[in-house]
Amino acid sequence: MPAYHSNLMAPDNRLVGNMALLPIKTQFKGPARGDGVDLDIIDEAIYYFKANVFFKNYEIKNEADRTLIYTTLYISECLKRLQKCGSRSQGEKEMYTLGITNFPIPGEPGFPLNAMYVKPANKQEEETMRAYLQQIRQETGLRLCDRVFDPQTDKPSKWWLCFVKRQFMNKSLSAPGQ
C-alpha cells in the first residue's frame with residue numbers, strides 16, 4: 001500500500017525554500033492565511049497521520065509533501081508530550097509551549113531533514129519559513145488537542161497515544177534522548 005500524499009499543491013502556491021507555503025485556516029498570525037479554505041495541510045496531516053506513520057520511506061511527489069512530512073513529524077512530537085498530560089487544559093498549555101519554543105529550520109544544524117529540504121535563500125525567506133512553521137506548529141497543537149482528548153472524560157485517547165512510539169521515516173524533530 002503506498003503512502004498518502006498531499007492533494008493541496010496548486011500552481012499558484014508560494015514556495016519557501018522547496019517547501020510549499022499553503023493556506024491554513026488559523027487564528028494564529030503568520031504568512032499563511034486561509035480564510036476561505038475548507039481543507040488545509042494540517043487537516044490532511046492529521047487525517048493521514050495514522051496511516052503514514054507506519055512508512056519508513058516516503059516518496060516526495062510535490063512541494064506540499066514536504067509540508068506534510070514536517071507536519072506529520074510534528075504531530076509525533078505533540079503526541080509524545082500529550083501522553084504526559086492528564087487533561088485537555090494541561091495538553092493545550094503543553095502544545096502552546098511546544099509551538100513557540102525555538103526550533104531549527106532547514107539549513108540549520110539540528111534540523112533532521114536537511115537532505116530533503118533546501119536552505120532558505122536569504123534572510124527574508126528564512127524569517128518567512130520560521131513564521132510559517134511556527135504557525136503550523138501552533139495550529140496543529142490546538143487541533144490535535146481536539147482530536148486526542150475525549151470531551152466526556154477529559155483524558156487522552158489511547159487510540160491516538162498508541163502511535164507515540166512510531167517514527168515516521170525513522171526521523172524525529174527532537175534531538176535524541178528528548
(request) Output the residues belonging to the stretch 116-161 that are open to solvent by 50 Å² or more (accessible area, probe 1.4 Å), polar (S, T, N, Q) and free of Cβ contacts under 8 Å to residues at least 60 places away in the same chain. (result) Asn122, Gln124, Gln152, Thr153
(message) Looking at (1) touching a residue at least 60 places away in the same chain (Cβ under 8 Å); (2) in a loop (DSSP other than H, G, I, E, B); (3) more than 14 Å from the chain's Cα centre (by Cα), which one does Ser172 not meet, given that it meets all the others?
(response) (3)
(request) Give the residues of the stretch 40-75 that are open to solvent by less than 30 Å² (accessible area, probe 1.4 Å), assigned to a helix (DSSP H, G or I) and either farther than 20 Å from Ile24 by Cα or among the basic types (Lys, Arg) (or both), sorted by residue number. (result) Asn52
(message) So, Phe28, is that one under 21 Å from Met116 (Cα atoms), open to solvent by 10 Å² or more (accessible area, probe 1.4 Å) and modelled with pLDDT under 95 or not?
(response) no
(message) So Lys93 passes all but one of these: (1) assigned to a helix (DSSP H, G or I); (2) buried (at least 16 other Cβ atoms within 10 Å of the Cβ). Which condition number does it fail?
(response) (2)
(request) Confirm whether Gly36 is assigned to a loop (DSSP other than H, G, I, E, B), open to solvent by 50 Å² or more (accessible area, probe 1.4 Å) and more than 19 Å from Glu127 (Cα to Cα). (result) yes
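The values are calculated or read from the model by the stated rules, or taken from the named source; none is laboratory data. Just so you know, these numbers come straight off a predicted model, no measurement behind them. Ideal geometry is used to build each Cβ from the backbone, glycine not excepted, and the neighbour counts take in all protein chains shown. Accessible surface is based on the protein model in full, side chains and every heavy atom, while ligands, DNA and RNA are left aside. Shrake-Rupley method; radii C 1.70, N 1.55, O 1.52, S 1.80 Å.
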